[in-house]
Amino acid sequence: MILVTGGTGFIGSLVIKSLLEKGKSVLAIKRASSIIPQELLYKANLFWFDADVTDYFSLEDVFTQVRQVYHCAGMVSFNTADRKKLMDVNVKGTTHIVNLCLEKKARLVYLSSVAALGEEKDSGFIDEKSKWEWHPKLSGYSISKFEAEREVWRGIAEGLDAVIVNPTIVIGADNSNNTAQLFSLVDKGLRYYPTGSTGFVDVEDLASIMIQLMESPDISGTNFLINNINLSYKELFQQYARIVKKAPPSIPTNRFLLAFAWRAQTLLSFLKIMKPKLTKEIARSSIKKHIYSNEKIISTLNYSFKPFDLSLEEISH
């Protein structure tokens, strides 16, 4: 039996959908408060269980017949107020999954992040060998994903059959996704763009790669950076604006403007007027220039990524 954690999330739900299309039977866990996506309601061969990855005993019963695990559950936040919760969900939750996979001899594909990888300080180049180093300006999210990934490596050292994927920014047609909300700002006439650059990958590519890796038993004890394309935010918004026939953002943000914006939102959050959408950690990240390698995953699976223009078109609908 196949288990998917984080089954109601953006990535986990796509993994489930892809597995069902391949005729697989799936156990999916969700928090009691989570809502099952409409497209995954009343599906044959899909069985939902309420469980919390931070609660070992709620997971134990689900693992009885499990032989493959896609660990997609996780928390994404760049709000400093969420640091403890990030460590609980991402690190403690992953520790529980790793220990249960070891106990039940289940194969694991762990959804990590490029936030758990290091970077070349001069070039911004990042691949699977880039060494993560702690420094005071790291986001709580980055720290939690690095520590969570260390738990998987610990499991591998103890005999766990596992593969780790480190995706860049994941995009897709799901309009509830945070990245999709960013594109919606362009639809509404966004004028400013961040000056940084980063990598992007379609959620369909990510789900497909995770399943291919799971079904390749000779691939184990390693990690793969999953990235389709490297773009500056200016290039990204220009491409999207061309598709939706809108004027692209034309004013670059600077450090002063970003610093003012995140401080203003932090104040409003402190006064309980709004939850900040722009934090200091997001502001710092948006002006960094990163280049991500996809050479390892392409050569290993002979994988061809979905055309990026097609991904943007699907988001625009």
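Where a number appears in this text, it was derived from the coordinates with a stated rule and is not lab data. Quick caveat, the model's predicted, so the values are computed rather than measured. FYI the Cβ positions are ideal-geometry reconstructions off the backbone, even for glycines, and counts take in every protein chain you see.
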Margin query: Just to confirm a number: summing +1 for Lys and Arg and -1 for Asp and Glu over residues other than S220 whose beta-carbon lies under 9 angstrom from that of S220, what do you get?
Written below: -1
Item checked: Per residue convex hull volume, Cα atoms of the range 22-69, in Å³ -> 89 Å³
Next item on the list: Would you mind pulling out the separation of the Cα centroids of the range 162-218 and the range 291-317, in Å?
Entry: 10 Å
Next item on the list: Express the relative contact order of the chain as a whole percentage, based on alpha carbon pairs under 8 Å and six or more residues apart in sequence.
Entry: 17 percent
Check: Relative contact order for the range 1-48: what is it in percent, counting Cα pairs under 8 Å that are at least 6 residues apart?
Finding: 41 percent
Notebook entry, point to check: Based on the Kirkwood radius over alpha-carbon pairs, what is the Stokes-Einstein translational diffusion coefficient of the range 126-174 at 4 °C with 1.567 mPa s viscosity, in µm²/s?
Noted result: 100 µm²/s
Margin query: Greater than 25 Å separation of Cα atoms is the criterion. Which listed pairs, K84/K137; K234/K306; K30/K289, meet it?
Written below: K30/K289
Check: Short version: what are the Cα gyration tensor semi-axes of the range 104-158, square root of 5 times each eigenvalue, largest first, in whole Å?
Finding: 24, 13, 9
Notebook entry, point to check: What does the charge add up to near E60, with Lys and Arg as +1, Asp and Glu as -1, over the other residues with Cβ less than 11 Å from its Cβ?
Noted result: -2
Check: P(r) for the chain: what percent of alpha-carbon pairs falls in each 20 Å bin, starting at zero?
Finding: 31, 60, 9
Check: How many angstrom lie between the C-alpha centres of the range 69-119 and the range 1-51?
Finding: 18 Å
Notebook entry, point to check: Tilt of helix 203-214 relative to the longest C-alpha principal axis of the chain, in degrees (0 to 90, nearest 10)?
Noted result: 30 degrees
Note to self: Please report the antiparallel percentage of the DSSP beta bridges confined to the chain, to the nearest 5.
What the structure shows: 10 percent
Notebook entry, point to check: From the residues W134, S208, T222, which one has its Cα farthest along the dipole of the chain in the positive direction, the dipole being from +1 and -1 charges on Cβ of Lys/Arg and Asp/Glu about the Cα centre?
Noted result: W134
Next item on the list: Calculate, in whole percent, how much of the Cα-Cα pair population of the range 121-225 lies beyond 22 Å.
Entry: 48 percent
Next item on the list: Could you tally the net charge around E235, taking each other residue with its Cβ under 13 Å from the Cβ of E235, Lys/Arg +1 and Asp/Glu -1?
Entry: +2
